[in-house]
Amino acid sequence: MSFAAIPSCCVRAVSGDLTVFGGPALTEEVAARIRAEQFNGVLRNTPWIMLAMIFNAAVLVASLWQSDSRNIVTAWAVFVIIPAAFVLAKSLRAKAQPKRPTASRRAMRVTATNAAVFGALWALVPILFLQSAPDQAKLIIATLCAGMMCAGAFALGSMPVAAIIFADLILGGSASALLRMGDPFYALFAALLFIFACSTARSAIDHATLLAERAIAQFEGDRQRDVIGSLLLEFETNATDFLWETDAAGRIKHASARLAALSGHPASELHGRSYQEVLVPGMPELAEAAATRAELALHLAERTAFRNIVAPVTLGGCVHWWALTGKPVHGADGTFLGFRGFGADVTEVRVADAKIRRMALYDSLTDLPNRAWFGNELEQATRRLAEGGAPFAVMCLDLDHFKSVNDTQGHPTGDALLVEVARRPSACIGEAGMIARLGGDEFGVVQTQGVSLEATSELAKRMNEALSTETLIDGVNVATGVSIGIAIAPTDGAEVAVLLKHADLALYRAKAEGRGGFRFFEPGMDAKAKERRALEIDLRSALPNGELMLVYQPLIDLGDDEIKCCEALLRWNHPVRGLVQPMDFIPLAEETGLIQPIGEWVIREACRAASGWPEHIGIAVNLSAVQFHSPGIVAAVQRALEETGLKPERLELEVTETVLIAEMDRALAILNTLRQMKVRIALDDFGTGYSSLSYLRKLPFDKIKIDRSFVRDLATHAESQAIVGALIGLAGDLGVSVTAEGVETQDQLAHLRASGCEEAQGFLISKPQSATGIAAFIAQSLVRRRSAA
Ligand code: C2E
Ligand code: CA
Ligand code: CA
């Protein structure tokens, strides 16, 4: 609490120490300062009072020299003059020293004791000499005693205890001597002395109280000055803040060292300059520059306080930002003296703020607007639409094969690919709308200009073309493509959430239909998507629940009709839906990543089944493109062979050309590794993809499987016959075997035999069968073989 709050009447100097009545106890620090004030007050008067004592003693000796008391008064004078001279010398020495800031209790006690000794010596004077003194000397004694009482009480006034002791001792001595005289005149004189002593005591106490109050106020002031001083020091040495002051004309009167350092000029050079020159140096080419200077000028002109005006300034050719705060200063008479304030270089904060603001709206990798901005843009478009604005389109874009690039080439390559491809759609969109990265390989487009089915299709097509190329990343060609789903407002919805959902559904459809295309939303898509989601949830538990199983379809040698191999085909025995066909869940397994554990299980299970068959019968396992490119495929094959003990020559992996589309080099390396392990590779569904005969020459296949569609037309289409014929011829040249798939009729089989096809597979020979079914089928064929032999 502030000491100034203590009422003056409560502060009393008593017994050389300070007691506060009714107030809180003073700290020793304050008490010591008050004592010093009292002590210094006494010290100031001590030489005079000692001189007075010596002089008065001499006067007394002179006035009684002729009387009988001559010897006693001389002895008394010696007792007074020697210590008085000693105290005089000591007080003169002490006065020459700097003033004490504090005084101990002991110093106070010594002073009070001195006062008591001198008081007692002077009290002896009327007792010893008054009665016997001649009349003239009586007057001198009375005057000296009254004078000493008055002068002593005055000299010791700052220390009331000493003053009261001194005065009261003389009063006591004088009063007793006067009363002993037995004369009413002297009794009256004693009474007057008593009143005199009381009033001197009273004034000494008042004087000391005032002194104590002053000391307390001074202490409080010093303390505040210390606090302010240290705060200012901290402020001035702080890294960013500076102080400034102007005069009434707006010229700098004070510039702190920090301001001088920031300005690059010594503080003395800044004095006298206009506030504009010092507080907002330079005029950066920023919109805020003029505005903040005008704001500042207005405040200075109108003499109003301002806070945190953040102005761009130029320092050493660079733009910095200074936050300025100031208020007008008025003199005691109300005259305007100028402005005083502080400032801070907030450049770093501002740059960080700008970064944070940017981060909130931009995607840090591609520098495209982010999901938040996209959402904002959509909100605005829907609002405009509600107010009668034009229709707009929402597109969801998803890069094809991006996941496999990320998985196989690593995230840095994935990121580099994203950065590279993210630039392209923007060029297609131009002023028609905006594109944002929504996360991962997902992008969103809002087309707000010229929206129509044709124009939007055209834009989607352009973006498709721009993105469906090979991109060179770190010296590797990475194939990309994009699938796009489109919803148009208001036809497909007028709310942001609905439009996004519909565009997403259309994207799903575009992907399901083979990537690299675009689809507009159609009402039926919603139900289908729900169905897919339900299926996805079920598929996650299919493997752990043992709902997956393999069926096997034999491939026979057309030379001797023996079973050469069986193809493992996956089935899902759904507890509610019944048997689900692979075409209905394998794409879903690929999209969700479930194909990896499921595929591993298929390889192991197929190898396990085949290990129970005769040695000459192989097993063919289908590998989807996603599975083929997933990390660890080679290891999975290796593990399956080791665990089941199946010879690698008996395992045939069926892949389609799609595995070669993304990253041909890597695909070839995997194929070669597998072949080095002695695993056979078959090219499945030949004729459905990009197949060209010349292409076959370069690729490491052991077998080509001619797609069912060619076999179906064999009996009726000459063209199919020609292709199959050419293919079989080429395969023969290359030393690659050929299997015809989907043989359903004897006619087809006859054609194949005539063309020189080696193997056939199809319902005509056998439908896919369960593990026990195929084991029985194999056993029968063995029996037939033996009986034929
Ligand atoms: P795919 O590799 O071409 O397999 C042959 C498909 O043709 C099988 O259909 C089979 O049942 C069917 N098929 C065989 N002979 C005939 C015939 O004479 N006429 C007709 N109309 N169809 C015949 P499924 O089992 O439905 O398999 C469809 C596709 O699912 C397979 O085509 C394969 O690409 C994929 N698939 C099956 N199992 C797996 C698997 O374990 N892993 C992976 N990744 N894909 C699998
Ligand atoms: Ca197959
Ligand atoms: Ca096939």
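The values are calculated or read from the model by the stated rules, or taken from the named source; none is laboratory data. Keep in mind it's a predicted model, so treat the numbers as computed, not measured. Note: ideal-geometry Cβ built from the backbone for every residue, glycine included; neighbour counts use all protein chains shown. Accessible surface areas use protein heavy atoms only, side chains included; no ligands, DNA or RNA. Shrake-Rupley method; radii C 1.70, N 1.55, O 1.52, S 1.80 Å.
With the full set of protein chains in place, find how many percent of the accessible area of segment 366-409 is carbon and sulfur; take the probe as 1.4 Å.
Numbers: 890 of 1950 Å².
On segment 366-409, the fraction of accessible area on carbon and sulfur atoms equals 45 percent.
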Quick check: Cα centre of segment 458-531 to Cα centre of segment 731-772, how many Å? 39 Å
Extension gain (nm, one decimal) between A779 and D561, 0.36 nm per residue minus Cα-Cα: 77.0 nm
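So for the chain, averaging the separation of alpha carbon pairs under 8 Å that are six or more residues apart and normalising by length, what relative contact order in percent results?
Value for the chain: 6 percent.
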Determine one quarter of the surface area of the Cα convex hull of segment 312-384, which equals its mean projected area, and express it in nm² to one decimal. 9.7 nm²
Potential extension, R753-A248 segment - 0.36 nm per residue separation minus Cα distance: 170.6 nm
Between 0 and 90 degrees, rounded to the nearest ten: what's the tilt of helix 411-429 against the longest Cα principal axis of the chain? 80 degrees
Accessible surface, per residue, of segment 57-127 when the full set of protein chains is kept, probe 1.4 Å, Å²: 58 Å²
Cross-link reach from K95 to aspartates and glutamates, straight Cα distance under 16 Å and at least 8 residues apart if same chain, gives E37
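Given contacts defined as C-alpha pairs under 8 Å and at least six residues apart, what's the relative contact order of segment 630-746, whole-number percent?
On the way: 135 pairs, mean separation 25.4, N = 117.
With pairs under 8 Å counted, the relative contact order is 22 percent.
Pick out, in residue order, every one of the GluC sites (Glu not before Pro) in segment 241-316 that is DSSP loop and has at most 13 other C-beta atoms within 10 Å; say none if there are none. Walk me through the numbers before you get to the answer.
Numbers: sites: E245, E269, E277, E285, E288, E295, E302; in loops: E285.
Passing both the DSSP loop test and the Cβ count: E285.
Checking the table K403/K511; K564/K767; K253/K327; K403/K703; K528/K767; K647/K705 against a 25 Å threshold on Cα-Cα, which pairs fail?
Values: K403/K511 14 Å; K564/K767 16 Å; K253/K327 14 Å; K403/K703 29 Å; K528/K767 30 Å; K647/K705 22 Å.
Long pairs (Cα-Cα over 25 Å): K403/K703; K528/K767.
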Zone residues, segment 423-446, relative to S364, backbone N less than 15 Å from point 7 Å out along Cα-to-Cβ: 439-440
Over segment 535-779, what percent of the accessible surface lies on carbon and sulfur atoms, probe 1.4 Å? 52 percent
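Counting chymotrypsin sites (Phe, Trp or Tyr not before Pro) as exposed when in a DSSP loop with at most 12 other beta carbons within 10 Å, what is the longest stretch of the chain free of them?
Numbers: sites that count: F21, W65, Y690, F763.
It works out to 66-689.
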May I ask for the angle, rounded to the nearest 10°, between helix 718-734 and the longest principal axis of the chain, with both axes built from Cα atoms and the value confined to 0 to 90°? 70 degrees
Taking the alpha carbon gyration tensor of the chain, what are the square roots of 5 times its eigenvalues, largest first, to the nearest whole Å? 117, 34, 22
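With every protein chain left in place, what is the accessible area per residue of segment 242-353 in square angstrom, probe 1.4 Å? Before the final figure, lay out each step's value.
On the way: 5610 Å² over 112 residues.
Solvent-accessible surface per residue comes out at 50 Å².
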Accessible area per residue, 1.4 Å probe, Å², for segment 535-779: what's the number? 43 Å²
Quick check for me: using +1 on Lys/Arg Cβ and -1 on Asp/Glu Cβ, what's the dipole size of the chain about its Cα centre, in debye to the nearest 20? 4820 debye
For segment 242-353, which whole-number percentage of the solvent-accessible area (1.4 Å probe, protein heavy atoms only) is attributable to carbon and sulfur atoms? 57 percent
On a 0 to 90 degree scale, rounded to 10, what angle separates helix 453-467 from the longest Cα axis of the chain? 90 degrees
Run the numbers on segment 535-779 and let me know its relative contact order in percent, using alpha-carbon pairs under 8 Å that are six or more apart. 19 percent
Straight-line reach from K99: which lysines fall under 19 Å, measuring Cα to Cα and dropping same-chain residues less than 8 apart? K90
Projecting each Cα onto the charge dipole of segment 242-353 (Lys/Arg +1, Asp/Glu -1 at the beta carbon, about the Cα centre), which of V349, L243, A294 comes out farthest on the positive side? L243
